[in-house]
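Peer 1: Can you keep this structure in mind? I'll have questions shortly.
The values are calculated or read from the model by the stated rules, or taken from the named source; none is laboratory data. Here the structure is a predicted model, which means the values were calculated and not measured. Note that we place each Cβ from the backbone using ideal geometry, even for glycine, and neighbour counts take in every protein chain shown. Note: accessible area is taken over every heavy atom of the protein model, side chains too, but ligands, DNA and RNA are not part of it. Shrake-Rupley method; radii C 1.70, N 1.55, O 1.52, S 1.80 Å.
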Amino acid sequence: MTFSPASLAVTGGAGFIGSNFIHAFMANNPACRVVNLDSLTYAGNLKNLSALAGNPMYRFVKGDIGDAALVAEILAGEKIDAVVHFAAESHVDRSITGPEIFVRTNVLGSQVLLEESRKHWQSGAVPDFRFFQISTDEVYGSLGDTGYFTEETPLSPNSPYSASKAGADMLVRAYHETYGLPTLNTRCSNNYGPYHFPEKLIPLLIHNIINRKPLPVYGDGRNVRDWLHVLDHAQAIETILKEAVPGSVYNIGGNNEWKNIDIVNLVCDLLDGRLERDPGENRRLITFVKDRPGHDRRYAIDATRLKQDLGWVPSYTFESGISETIDWYLANQEWVNDVTSGSYREYYEIQYGGRQ
Ligand code: NAD
Ligand code: DAU
């Protein structure tokens, strides 16, 4: 039977995927209340959600997922039917230079959310409940030239980021097996689209090309990533939340593998046209730099289970998705400039005046 939450807690909803999910989910489910718990780290940007200001079905709470009392208050006070857990430290390079916060947020923070969710669910406050862990294909480690990650692939994370996400996935499994908590766990491939923080490859390329800055390509540029539009990811999450059996694990991906250097060349060429530059001009900005330590060679998702069980298929072609994304960044240079100047960090005070 379809699960129909009346009240959803989203963690990390001011980040890239969380904000896209909130917009899409609220548009599709206007009767469901959404509470967004986000501590507003460098990656959290309330400008992503400015269109929801004043919407009575939406509430923003500035706070940490590791704050058990706050989490308990939200779950009970809002009679939360489901937690969709995006909040994380998400950037692999940052995890290499500073792993501690990745363990604190991604492992310990997730455990606090799980524990408070368990108490809330066992209290009988809501008729049915879901804890939805948003995870990543990176927990599976790296592939060679062939093969795909399935849900049965053993977890073999290689970076502090992916190790911390795998740790959380293991806790989710344990809460389901030990306490029967109705959990869902998805592992998605690389997302792209609007509101993507410009430290990540695609928005970094667009930003640097516009500003004629070097385009750093790690190593030989032949590492492979499997790209999915963020709104296809959001739709997959909504489908799984409503239709999947508790305890399920699903991979999410759209069979869209690209070598990094091919993506770099593509974005350069598309922006040659958009910016009316000479053909090949942007490619001259490409700069090969020292490789990322432990750089996974290839990711490729087998999402057959999701297609077969729940009928989800991506709606974007990469051609249309990347074109729309480039156009979004060109039309939203103010958003990018706010991020790069740091002024987006004042938006909480401006919008909420220090109140929640
Ligand atoms: P992001 O870095 O853009 O956003 C993370 C959000 O979490 C931010 O708003 C931040 O303020 C918030 N946050 C961080 N620590 C917090 C804490 N302790 N308490 C409350 N809020 C906190 O990340 P993203 O790219 O949107 O990724 C979202 C989730 O999806 C992550 O769990 C990530 O592992 C997963 N994921 C990402 C991708 C991708 O391609 N970006 C792919 C697969 C899975
Ligand atoms: O696969 C899902 C993961 O995708 C998510 O779990 C992570 O949260 C998300 O950040 C992303 O991780 P990646 O490390 O794959 O993304 P990133 O954009 O950092 O890098 C994409 C590829 O491009 C990777 O092979 C490294 C390379 N790269 C990246 C940057 C920032 C470069 O060559 N140059 C760069 O400047």
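Peer 1: In segment 298-317, which residue that is touching a helix residue (DSSP H, G or I) at 6+ places or on another chain (Cβ under 9 Å) and part of a helix (DSSP H, G or I) is nearest to Tyr218 (Cα to Cα)?
Peer 2: Among those residues, the one meeting the criterion is Leu306.
Peer 1: Moving on to the next point. State all residues of segment 1-56 that are of a type in the set (Phe, Trp, Tyr) and either surrounded by 19 or more Cβ atoms within 10 Å (Cβ to Cβ) or closer than 15 Å to Arg345 by Cα (or both); if no residue qualifies, say none.
Peer 2: Just the residues of segment 1-56 that are of a type in the set (Phe, Trp, Tyr), to begin with: 3, 16, 21, 25, 42.
Across segment 1-56, the qualifying residues are Phe16, Phe21, Phe25, Tyr42.
Peer 1: Residues of segment 160-197 being within 17 Å of the chain's Cα centre (by Cα) and over 24 Å from Ala14 (Cβ atoms), which ones?
Peer 2: Passing the criteria: Ala163, Ala166.
Peer 1: Pairs needed: first member in segment 186-204, under 22 Å from Glu152 (Cα atoms); second member anywhere, more than 6 Å from ligand 2 (Cβ to nearest atom) and assigned to a loop (DSSP other than H, G, I, E, B); C-beta distance under 7 Å; at least 6 residues apart or different chains.
Peer 2: Between residues of segment 186-204 that are under 22 Å from Glu152 (Cα atoms) and residues that are more than 6 Å from ligand 2 (Cβ to nearest atom) and assigned to a loop (DSSP other than H, G, I, E, B), the close pairs are Cys188/Gly253; Ser189/Gly253.
Peer 1: Now, a different point. Can you pull out the residues in segment 36-61 that are in contact with a Gly (Cβ under 9 Å, 6 or more places away or on another chain) and not hydroxyl-bearing (Ser, Thr, Tyr)?
Peer 2: Residues satisfying the conditions are Asn36, Leu37, Asp38, Ala43, Gly44, Asn45, Asn48, Leu49, Phe60.
Peer 1: Taking the condition of being out of contact with any Phe, Trp or Tyr (no Cβ under 6 Å at 6 or more places or on another chain), closer than 19 Å to Asp296 by Cβ and assigned to a helix (DSSP H, G or I), how many residues in segment 161-191 meet it?
Peer 2: 7
Peer 1: Looking only at residues that are open to solvent by less than 10 Å² (accessible area, probe 1.4 Å) and assigned to a strand (DSSP E or B) in segment 197-231, which one is farthest from Ala300 (Cα to Cα)?
Peer 2: Of everything passing the filter in segment 197-231, Leu215 is farthest from Ala300 (Cα to Cα).
Peer 1: Which residue, of Ile252, Ile286, Ile240, is in contact with a Leu (Cβ under 7 Å, 6 or more places away or on another chain) and more than 14 Å from ligand 2 (Cβ to nearest atom)?
Peer 2: From the options Ile252, Ile286, Ile240, the qualifying one is Ile240.
Peer 1: Turning to a different aspect of this structure: Quick check on segment 200-228: of everything there that is more than 17 Å from Glu138 (Cα to Cα) and among the hydrophobic types (A, V, I, L, M, F, W, C), which residue is nearest to ligand 1 (Cβ to nearest atom)?
Peer 2: Ile202
Peer 1: Related question: Where residues in segment 270-295 are crowded, with 16+ Cβ neighbours inside 10 Å and touching a Pro at 6+ places or on another chain (Cβ under 9 Å), which of them is farthest from Ser162 (Cα to Cα)?
Peer 2: Once the filter is applied, the top-ranked residue is Asp272.
Each row is one residue, and each column tells you yes or no for (1) open to solvent by less than 30 Å² (accessible area, probe 1.4 Å); (2) among the hydrophobic types (A, V, I, L, M, F, W, C); (3) touching a residue at least 12 places away in the same chain (Cβ under 8 Å); (4) more than 28 Å from Glu138 (Cβ to Cβ).
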| site | (1), (2), (3), (4) |
| --- | --- |
| Lys79 | no, no, yes, yes |
| Ala82 | yes, yes, yes, no |
| His85 | yes, no, yes, no |
| Ser95 | yes, no, yes, no |
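Peer 1: While we're looking at this one, here's another question. Read through the list (1) acidic (Asp, Glu); (2) more than 22 Å from Val245 (Cα to Cα); (3) open to solvent by less than 30 Å² (accessible area, probe 1.4 Å), then give the number of the only condition that Asp145 fails.
Peer 2: It is condition (3) that Asp145 fails.
Peer 1: Does Arg118 qualify as being open to solvent by less than 50 Å² (accessible area, probe 1.4 Å), away from ligand 1 (no atom under 15 Å from the Cβ) and closer than 27 Å to Phe25 by Cα?
Peer 2: Against the criterion (open to solvent by less than 50 Å² (accessible area, probe 1.4 Å), away from ligand 1 (no atom under 15 Å from the Cβ) and closer than 27 Å to Phe25 by Cα), Arg118 qualifies.
Peer 1: Assigned to a loop (DSSP other than H, G, I, E, B) and not small (Gly, Ala, Ser), is that true of Pro194? Step through it out loud before you land on a result.
Peer 2: Working: assigned to a loop (DSSP other than H, G, I, E, B): yes; not small (Gly, Ala, Ser): yes.
For Pro194, the condition - assigned to a loop (DSSP other than H, G, I, E, B) and not small (Gly, Ala, Ser) - is met.
Peer 1: Taking Ala69 and the conditions (1) farther than 21 Å from Pro182 by Cα; (2) crowded, with 22+ Cβ neighbours inside 10 Å; (3) among the small types (Gly, Ala, Ser), which numbered condition does it fall short on, given that it satisfies the others?
Peer 2: It fails just one condition, (2).
Peer 1: Here's a follow-up. Select from segment 9-28 the residues that are touching a residue at least 60 places away in the same chain (Cβ under 8 Å) and more than 17 Å from the chain's Cα centre (by Cα) and list them in ascending order.
Peer 2: Passing the criteria: only Asn28.
Peer 1: Name the residue that is farthest from Ser189 (Cα to Cα), counting only residues in segment 239-271 that are part of a helix (DSSP H, G or I) and within 15 Å of ligand 1 (Cβ to nearest atom). Spell out the reasoning first.
Peer 2: We begin by selecting, within segment 239-271, every residue part of a helix (DSSP H, G or I); these are 239-243, 260-271.
Then drop every residue that is not within 15 Å of ligand 1 (Cβ to nearest atom), which leaves 240-241, 260, 263.
On the way: Ile240: 16, Leu241: 18, Asn260: 14, Ile263: 15 Å.
Restricting to residues being part of a helix (DSSP H, G or I) and within 15 Å of ligand 1 (Cβ to nearest atom), the top hit is Leu241.
Peer 1: Turning to a different aspect of this structure: Would you check if Ala87 is within 15 Å of ligand 2 (Cβ to nearest atom) and touching a strand residue (DSSP E or B) at 6+ places or on another chain (Cβ under 7 Å)?
Peer 2: yes
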